[in-house]
Structures are given as structure tokens and as C-alpha cells.
């Protein structure tokens, strides 16, 4: 693996860390397997790309992307809480609807952003490249939102969201409106994912209607790998594990696909991901067995 | 004061599965009363508790706490007045949260929850003091995950959690029945001590006739969704569990309570 492949993986890892935060919030904290993610990732990119190409400030376009993601999450939550829909189905429905909606927003399946203003060109053009071109801005964004999420999960409100995921009956007995907590949690979760989508579009210079396919798996892979290789006893450790897990995942993928000898090609990506997740899930029980022997 | 007027609860009405939980139950509980509730399986004990807590909304009838009509309020909206300890030790707290976080949650029962930091240093100190009364050494394990505690420890913490902020009524749903006898006695004594000390109004469902008479100030017996026996004061203090059994036998001809023993 060369330096460009390495830093590219780290940059991708930083973007997808935001997805991992979102998936951690829905899947682990709320225990709501939310498949909206595949749609809201593209939604973020679509909203950003279509706004920026009509001349909207990239900062405002990114903000709009965040809010659009929050709304998508809210829709899934509402379908689940008010129509009593199975959580998986609610997510699939929103994701399916978003595919059409994203095409509507973009007006075409693909928007190129070459030469358009992005927050990278506007806010970080003066900074010298540290490690790689986009490392510093992406690191700062991930750090900022990771810190905000950490703060949120430790507030009274965040505690109520966590209680709802852990034991909704107890939450209600403490006066927590569990439906509202699911709305809030999924909105925040999908807002983070949409932000990742918007950042992805800015770094890679395009938005495409199919770019979100498999986002949920990448997020899950990151969370599960992170948990397998790092301790996750506290919120801080769990969020750190999300970041490390994502970067690790990206590096393994890059290694498997780029470094010769395996005979793998880019189209094998999903297979490699699936095997990686399976291995990561196997790891804790393997650890236990090894301990039992020694 | 808690008033329940002519409460009917019907589950799955107008279907073959139709089941009547409560059939015209009337009950007034004065402030400071500690009522124990007995009755055979399916008599409506849990339904009574769930109706007061708002987890089950009555088909007809009305529920008042002081002068506020609570009938239509759902559970979380009543939490300001109603505190609960569940039968299952795992149900009353969050295993994924730490002891301190669980207590912090309970400390704001029924109050608004916004974006201020949940566990301030002063709150932690306060919670430490609260935990000391359990004499379980938990005050030094504030940041331990709740899931690492034993059933008895969790139930004791649940009890503390329930009584941490002001309440109008404490609902105890056979909260010692899942514990071993020694731990059950410990939790029951703790319950009595807290209720006496804080002068709480409480309603405790129990399967043990002895427990029903030994604790509390008033005992009611439920059968088929109605109160069939209601005793307090001097008359109650003279009662033995044998008398209660006889009482039960004259009112009811099934022997399910007998089978559960004393």
C-alpha cells in the first residue's frame, strides 16, 4: 500500500466516522436498526450538490444537508412510533422513498462538483496540507461532531435517549416520552449521516444517486469492528471505537483490493465487507475461548 | 389522595380474547396510607397498578390524584406523581447505564430534561450520600454499569430511584418476589423504612398473606376485578394470615390463593 492509498483510506475513514456515529446512535444506543442511512447519505450529498450548483454558500448548503438528513430520520421514527411499523420496515420505506426523492432533488442521476465552491475550498484553502490534502478539515469536522455527540449523550436529554433504547418501560416510568426520544435520536443519527454524504460529495467532487448503497453496512462494520478491537465501556471509548473502527475498516478494504496477490477487484468490495463484519463478530467469542484455554 | 371511581378495564374488547381486568373498582387512598393488595392470579392486582401508573388506560371510570383528573394521561405524563418498582429487578433500571446515571435519570422523574450536563460533581456527591443508606458499598461504585449488580442490589437501587424525587404514590408490584428470602427481607425492610421515613403513600401488591399483614396500614383483597375485602386500623392489627385465608374462603370459592400458601 502506498502513501496515497493510505491517506485516502484515512480520509474516507474520517468521513465515514460520522456515519458510524449515526449508526452507533440508532443501532446501539436506541437499539433501532435504522436502514434510512442508505438514503440519507445520498440525500445529504444531493441537497448539498444541488444547492451549491445554483450558487448557495457551501456552508449553508452543508447545513441544509444536515437538516434534510434529520428530517429523513424523523420520518422513519414517526412511521415506527405512530404507525406501529416494524423498525426495519420503517427504515426500508424511507430509504426507498429517498431514492426517488434524491433523483428529484438532483434532477439527474449525477452532479459533478468540479470547480464548485465547497467548505474545503472556502474555509480551508489557506491552510497548508497536513498529512494529506483533506486530512485536517475532515479531522476537525469529525472531531467537532464527535465531541458534540459525546456532550449530547451525557446531557439529561441524552441520558433519556439512552434510557429509551436500553429500557423504554423504565424510561416511561421516569416520565420520558419514549416516542419523542426515538424521533430525536433518529433525527440526530441521520443528520450525521447526511453530513457525511455532503462531505463525501465535497471531497470527491460529485453526488450520485447510487452513492449511498451499502452505507448502513459500512456503518455497522465500523461500529462492530471498533467494538471488537477496542474496549467500549464508556461513551467516550465507544465513540473513539467508531472512528478507529471506520479507519481500520477502510485500511483493510484498501489493502485487500489494492495490494496484489489476493486477486480481488473493486467489485468484490461488498463480499470483503461482509466477511470482515463476520470476522469482527466472531472475535469476542474467540477471545473468550483463548482465555479459557490459557 | 388517590381516588379511583368505578374503574373498568377490558382487554381486547368485543373479540373472543376479551378479558376483563377490572370490573367497577372503587378505591380511595389517603395520604400516608400504605396499602397492601392481595388476590389470586388474574384478580386484577397488576391491572390496578398499571391503571394508576397509566400503563393501562381504563375503559371507563376515572382516576384522580388530589384534584387532578389523571384518567386519560399516559404513563410518562403521570410520572411526576407516580413512582414504581417492578417485579422484575431488571425492569426498574437501565443495565446499559451506570449506577450514577440511573439515579440521575430518576432524580428528574417527571421533570423536563434539557441540554445541561446530567452528572454534575455536586449531584454525584449527593447520589453518593443517598447510596450510603443501602450499606452495600455501592457509593464507591457510582460509575459501575448497572448490569453488573445482582438482582437484589438492583432492586434496592430501584427502590432508591423511585423515592428520590417527590411523589404522590409509590407502586410496588411484588417487588421482592424474584429475590431469595434473605434479600427479599432486606429489600422489604428497606421499603418499610423509606416509606415510614418519607411518610409516603404506597400501594404494594404481594402474594404473601403474611407480608400483606405485617407491612403497611391497610389491606385490600381483590377478586375478579373488584375489591371484596378492605381492612385497616385495629381490626387489621388483630388479623392473622389464617383469618385472611378464611375471609378469602367465604368470599371466593376457588382455591388458587390457598395453593399459593402463606
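The range A:250-294 and the range A:170-185 have Cα centres lying 37 Å from one another. When both the range B:156-182 and the range A:1-76 are represented by their alpha-carbon centers, they are found 44 Å apart. For the protein assembly as shown, the antiparallel share of DSSP beta bridges with both residues in that region comes to about 60%. Label separation (residue B:132 vs residue A:180): 3.6 nm, computed from points 7 Å beyond Cα along the C-beta direction. What the Cβ-Cβ distance of residue B:177 and residue A:1 gives, at R0 = 56 Å and to the nearest 0.05, is a FRET efficiency of 0.40. Using the Cβ-Cβ distance between residue A:258 and residue B:148 with R0 set to 41 Å, the FRET efficiency works out to roughly 0.40.
Given axes a ≥ b ≥ c from the Cα gyration tensor, I'd like to know whether the protein assembly as shown is rounded (a/c under 1.5), prolate (a/b larger than b/c) or oblate. All intermediate terms of the calculation are to be shown ahead of the outcome.
Working: a/c = 2.59, a/b = 2.19, b/c = 1.18.
Taking the square roots of the gyration eigenvalues as a ≥ b ≥ c, the protein assembly as shown is prolate.
Give me the tail of P(r) for the range A:3-212 as a percent: Cα-Cα pairs with distance above 23 Å. The proportion of pairs with Cα distances above 23 Å equals 45 percent.
Specify whether the C-alpha gyration tensor of the range A:184-294 places it in the rounded, prolate or oblate class, a ≥ b ≥ c being the square roots of the eigenvalues: rounded for a/c under 1.5, otherwise prolate if a/b is larger than b/c and oblate if not. Verdict is oblate for the range A:184-294.
Let me know the mean shielding of B:117-124 by other chains, meaning the per-residue number of their Cβ atoms within 10 Å of its Cβ. Write out the running numbers ahead of the final one.
Working: counts 6, 9, 4, 0, 0, 0, 0, 0.
What the average comes to for B:117-124 is 2.
Length gained on full extension, residue B:185 to residue B:239, computed as 0.36 nm times the residue gap minus the Cα-Cα distance: 17.3 nm.
Here the sum of -39500 (n - 2.57) over DSSP H runs of 4 or more residues, divided by the residues of chain A, equals -24500 deg cm²/dmol at 222 nm, to the nearest 500. Legend: ranking of residues A:275, A:218, B:194 from fewest to most surrounding C-beta atoms inside 10 Å; resulting order A:275, B:194, A:218.
Relative contact order of the range A:77-185, please, whole-number percent, based on alpha carbon pairs below 8 angstrom and at least 6 residues apart. Each step should come with its number before you reach the end.
On the way: 43 pairs, mean separation 22.0, N = 109.
Once normalised by length, the contact order is 20 percent.
What is chain B by shape, rounded, prolate or oblate, if you read a ≥ b ≥ c off the alpha carbon gyration tensor as root eigenvalues and call it rounded for a/c under 1.5, prolate for a/b larger than b/c, and oblate otherwise? Cα axes put chain B in the prolate bin. Ordered by the number of other Cβ atoms lying within 10 Å of each residue's own Cβ, fewest first, A:104, A:28 fall into the sequence A:104, A:28.
State the antiparallel share, in %, of DSSP beta bridges confined to chain B, rounding to the nearest 5.
On the way: 22 of 39 bridges.
For chain B, the DSSP antiparallel bridge percentage is about 55.
In this simple spin-label model, placing a label point 7 Å from the Cα along the Cα-to-Cβ direction at both residue A:213 and residue A:275 gives a separation of 2.1 nm.
Under the simplified labelling scheme, the residue A:140-residue B:139 pair shows an inter-label distance of 4.8 nm, with each label point 7 Å from Cα along Cα→Cβ.
Summed over qualifying helices (DSSP H, 4 residues or more, each -39500 (n - 2.57)) and divided by its residue number, chain B shows a 222 nm mean residue ellipticity of -9500 deg cm²/dmol. Distance from the C-alpha centroid of the range A:110-163 to that of the range B:1-61: 53 Å, rounded to the whole angstrom. Per-residue Cβ neighbour counts within 10 Å put B:17, A:181 in the sequence B:17, A:181, beginning with the fewest.
Which FRET efficiency, nearest 0.05, do residue A:53 and residue B:28 yield, Cβ-Cβ r, R0 51 Å? Intermediate results must be reported in sequence, preceding the final value.
Numbers: r = 70 Å, r/R0 = 1.36.
After rounding to 0.05, the efficiency reads 0.15.
The numbers here are math on the coordinates, done by the rules we state, and not lab data. Only a predicted model underlies this, so the values are computations on that prediction, with no experimental measurement involved. All Cβ positions, even for glycine, are placed from backbone atoms using ideal geometry, and neighbour counts span all protein chains on display.
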